[in-house]
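See below for the structure under consideration.
Just so it is clear, none of the values below were taken in a lab; they were calculated from the coordinates. Predicted model, so just to flag it, every value in this text is computed and none were measured. Don't worry about glycine lacking a Cβ; one is built from the backbone with ideal geometry, like all the others, and counts go over all protein chains shown.
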């Protein structure tokens, strides 16, 4: 289990670096385009298109990164009322629904990428396969993280005692709202 955890941590670092790299490149291109247009009265034909495609890739990789931390925006009113075991059941249902949706995105994204491989972008003159490939790849990455979370929730539901789940939920709530166990001098760390 620790090996899998390290693999996911490594993937998180790689995805973070990819997002940072894409953002830096996008900023550089936009700044260069603005200076070129207003100082030299010349603009690059490919700049806007490249920034658009890099943004799409960054969003899909970034969405996978956010899913790895389980930090997507959601309403958690009912799971908070359900108690530790009920919360895990709801999380499992939510994960299964998300996987169904991601499966549709993956299949449709593969079809779109395959269809658009025949077309060429107007400014960059590259195959449209590359921009459209971000959709199935992003869905696949998000799906992998969702499966990882699903397995963790199933394990916690069936094999963890309620006290341990409550401690985990209390710790999650404290970290979410800025009242961390470290600031209170408590150690609620868990193994598993």
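Tabulated data
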| item | result |
| --- | --- |
| Residue 126 paired with residue 37, simple spin-label distance in nm, labels 7 Å along Cα-to-beta-carbon | 2.1 nm |
| Estimated FRET transfer efficiency when R0 is 30 angstrom, pair residue 93-residue 12 (beta carbons, to 0.05) | 0.75 |
| The chain - mean residue ellipticity at 222 nm from DSSP helices (-39,500 (n - 2.57) per run, n ≥ 4, rounded to 500) | -26000 deg cm²/dmol |
| Cα-based helix-to-principal-axis angle, 162-176 vs the chain, degrees rounded to 10 | 40 degrees |
| Burial ranking of peptide ranges 57-67, 121-131 (average Cβ count within 10 Å, highest at the top) | 57-67, 121-131 |
| Peptides 90-96, 112-118 ordered by average Cβ neighbours within 10 Å, highest first | 90-96, 112-118 |
| The stretch 2-177 - Kirkwood radius from inverse mean 1/r over Cα pairs (Å) | 18.8 Å |
| Between helix 83-116 and the chain: long-axis angle, C-alpha atoms, 0 to 90°, nearest 10 | 20 degrees |
| Difference of contour (0.36 nm per residue) and Cα-Cα distance, residue 119 to residue 44 | 24.9 nm |
| Per-residue Cβ neighbour rank within 10 angstrom, fewest leading, 102, 39 | 39, 102 |
| Residue 21/residue 72 FRET efficiency (R0 25 Å; Cβ-Cβ; nearest 0.05) | 0.65 |
| Largest-first principal axis extents of the Cα set of the stretch 2-93 (Å) | 64, 33, 16 |
| Angle between the chain longest axis and helix 134-159 axis [Cα atoms, degrees, rounded to 10] | 0 degrees |
| Sequence-separation-based contact order of the chain, relative, with Cα cut under 8 Å and 6+ spacing, percent | 21 percent |
| For 135, 31, 154, order by how many other beta-carbon atoms lie within 10 Å, fewest first | 31, 154, 135 |
